[in-house]
Structures are given as C-alpha cells and as structure tokens.
C-alpha cells in the first residue's frame, strides 16, 4: 500500500473519521501543502508519448491496469487530483471498492441508470423517490422504452413479489433503484430482501444491478453494500457537503459495475470539477461531528412534535416502537435514525403554509443535511412533478412538512417550531 494510503497503525485499523484528514493525499507531491490544493486545470502534461498512450489505454478500458500501475492524469473530465483523493476517502465509509464523483446527485443517478438500463428493460424501483429521480424514471426513461415498475416503501418483500410479478411479464429486469429511508415519508425498504427477490427474477448470467440512494442516512448511519447492494448513490450536496455551498453527487460500490459507470461518466461529461472536489474534501473532515450533532438534535425535535396537539403525525425512525412493522428492519439495517423527519400539521396545505411562513430560525428552502435547519413543503416543492393521485398513494399529503434538523442548539430549534405552530 502506498504511504499516503496507510489505513492502520501497527495492527490497529484506523476509523474513517481519522482517515478523512490525510488518506489518499501525499503532501510531498504538492510542495508540502498540508491540505490538498485546488488543481484548477483542464489538462495535464505527459512526461512522454509512451506514458500518454499507456494512460489512455487504461482510462478508456482498452486494457487492465497493471498491479503497481497508477491511473495517470489526462484531462479533468476523466480524472483530477482533487477528485481522486475525494473518491479514495468517500470509499472508506461504505467499504466500497471504487467511487466516482459527479457534478450533482442527479448526474450520479442518471449516469448510473443509463449505464445499465436499455429500451425494453424493466427498472424496479421503490416509491416515493426524490422528485427529480421520479421524473427521470417515469418520464425520460419511459420515453426511451424502459418500463418503470414501482412498489411502495414499507411494503414487505412478499407483498412486493406479489405486486410486481405480472407487471414484469417476462421482460428483462436490468436494474433496481431503492431509496431508503424514502423521501419524504421515512418509510424503509429491505435492501437485502428486495435485492434477493430482484436477482431471482432476473437473468442468472446477467443479474440486475441493485442501487441504493443512501442520501438520507449515509454515509454514516446506513451501509447498503453490507446488505447486498451493488452500488450506492448520494446527493453529496447534502450531508457530505453539508454547508449549502456545493452541488455534487457520488456513486460507489463493487469494482465491476463501477468500471462501467466511470466509463460512461467520461463520455457523458458528468464528472465533478476540482472546486467541488476540494469543497467536499473540506467537509468530509467534520462529517461525523455534524451528522452526530444533527441526529441528537432531531431526537429532541421529534419528541416535541410528537406531543404537540397541532401535529397530526410524525414520520421519524427514532419514534418506531417494538410493535411497529418496520422496527426490526430498522434495527437490522440502520445505525441511527438520522436527522430527517416529516410531519403533518392541522389545516391541510393552508395550515402547513401558515406554519412555514411563521418560522424564523429554520430556513424555508429545499435541500437537506446542511448545518442550518431546513424546512420545505414536499407536495408543492420537491415532489410537485409527481401526480396528485400518486402523491396521495405514497403518503405525501398537502399537510406534510419535511424538516432537516441542523446543528443549532436544539432548544432554539424547538422554540422556533413552537411559535410557528401557534400560527397553524
């Protein structure tokens, strides 16, 4: 292992939060700079024509990389030092064999899906999904001849099997996209169970690729690769970036499917830029501290909301009791309830709007996972493109509010929510 990729001291394996400071970066290659500089360059000079030829052979998949061969720098649409260091570090949290960073979460999702689905194929997916993902699948991919087959998050694997058998109808099942917990209902999907079902329905010689959007809980509180997923997807804008100042996405997982994703990324040009890579490297150093503080705050907020007379229901994993049908799956699949919750207020959309307009500390804005508390109205904002009858079926009511809890003092967050609920 290269000196700048040391992941243990003596016999002790270092934890990811420690490795976020230095893993994958050699200061001696950058004039001793303790932090990775921003490599703001479009292209890189080859030391020889032979080296340039060798770099392209590996980058374009014309041959396998040698056992001691490093992927050479060619052009920042293919690779860049900031992105290479970032991809090394991101892989550590999920235990992935490879990683690719994109200019947005949707770029990561679109590139991953287009790598594996073809006209005539079936794409099995959970519902609800993030609104942008839903549109991509049910409009764009459908127009290309891909058949989306959805199932509700929170449904047992047995019920999923009964509901999708006839709908697949002998067509090739090429990919599965799971979002768990679901956005914005916080319903869970059994990653291992659905993956096992999909592979039993697919071609044994060409099994479907199982992808999980892990944005809500990852990369700390859920690790889909350990539950049988092939690929993990992130809107890195959210917790990984965590400061509302960068747009980015990531895809990571097993080496074989990742090689195909990285190849298509090269030709689609969806690679992130060096500034995005540098900002994410900065953010990774505080990722565990931020997500832990947000999770602790969310527990106080959820308890407050669940006891408030103007709140009809709260969707939060930390409130699942042992009698709840999702409790055992939550305990098996998740390490924490995270910091995202949704709740319904009295008065339908009008009540929800009165609440949102009365907030002061919490910011009325889409996105999630940032240091500030963010709140939005899914039915009219992030999921506005989803048909009303579909939103109702998925449990996204006009009275629903989605809350991403930040790192402010929890008593101040609660005070803001309390005064805003008085407006309902």
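The values are calculated or read from the model by the stated rules, or taken from the named source; none is laboratory data. All of these numbers come straight from a predicted model, not from anything done at the bench. No Cβ is skipped: glycine too gets one built from the backbone with ideal geometry, and neighbour counts run over all protein chains shown.
Observations
- Across segment 381-390, not a single residue is classified as on the phi > 0 side of the Ramachandran plot and outside the structural domain of residue 154 (by TED's automatic domain parsing).
- At least 3 residues being farther than 30 Å from residue 61 by Cβ and more than 14 Å from the chain's Cα centre (by Cα) is the threshold, and among the helices (runs of 4 or more DSSP H) wholly inside segment 190-289 those reaching it are 191-201.
- Taking the criterion of being surrounded by 20 or more Cβ atoms within 10 Å (Cβ to Cβ) and within 24 Å of residue 346 (Cβ to Cβ), the residues of segment 286-307 that qualify are 298, 301, 302, 305.
- Residue check, residue 386 surrounded by 22 or more Cβ atoms within 10 Å (Cβ to Cβ), under 29 Å from residue 94 (Cβ atoms) and out of contact with any strand residue (DSSP E or B) (no Cβ under 6 Å at 6 or more places or on another chain): yes
- Residue satisfying condition, being under 18 Å from the mean Cα position of the chain (by Cα) and not in a helix (DSSP H, G or I), within set 107, 100: 100
- Among (1) in the same structural domain as residue 88 (by TED's automatic domain parsing); (2) closer than 30 Å to residue 324 by Cα; (3) touching a strand residue (DSSP E or B) at 6+ places or on another chain (Cβ under 9 Å), the one test that residue 239 misses: (3)
- Every listed requirement among (1) farther than 22 Å from residue 416 by Cβ; (2) free of Cβ contacts under 8 Å to residues at least 24 places away in the same chain; (3) touching a helix residue (DSSP H, G or I) at 6+ places or on another chain (Cβ under 9 Å) is met by residue 392 save one, (3).
- Qualifying position, being in contact with a helix residue (DSSP H, G or I) (Cβ under 8 Å, 6 or more places away or on another chain), closer than 22 Å to residue 101 by Cβ, touching a residue at least 24 places away in the same chain (Cβ under 8 Å) and in a helix (DSSP H, G or I), among 86, 78: 86
- Residue in segment 57-76 that is within 26 Å of residue 23 (Cβ to Cβ) and touching a strand residue (DSSP E or B) at 6+ places or on another chain (Cβ under 6 Å) present: yes
- Any hit, segment 92-113, residues being at pLDDT 95 or above, over 30 Å from residue 150 (Cβ atoms) and in the same structural domain as residue 148 (by TED's automatic domain parsing): yes
- Restricting segment 15-40 to residues that are outside any helix (DSSP H, G or I) and crowded, with 16+ Cβ neighbours inside 10 Å, the residue that is nearest to the chain's Cα centre (by Cα): 20
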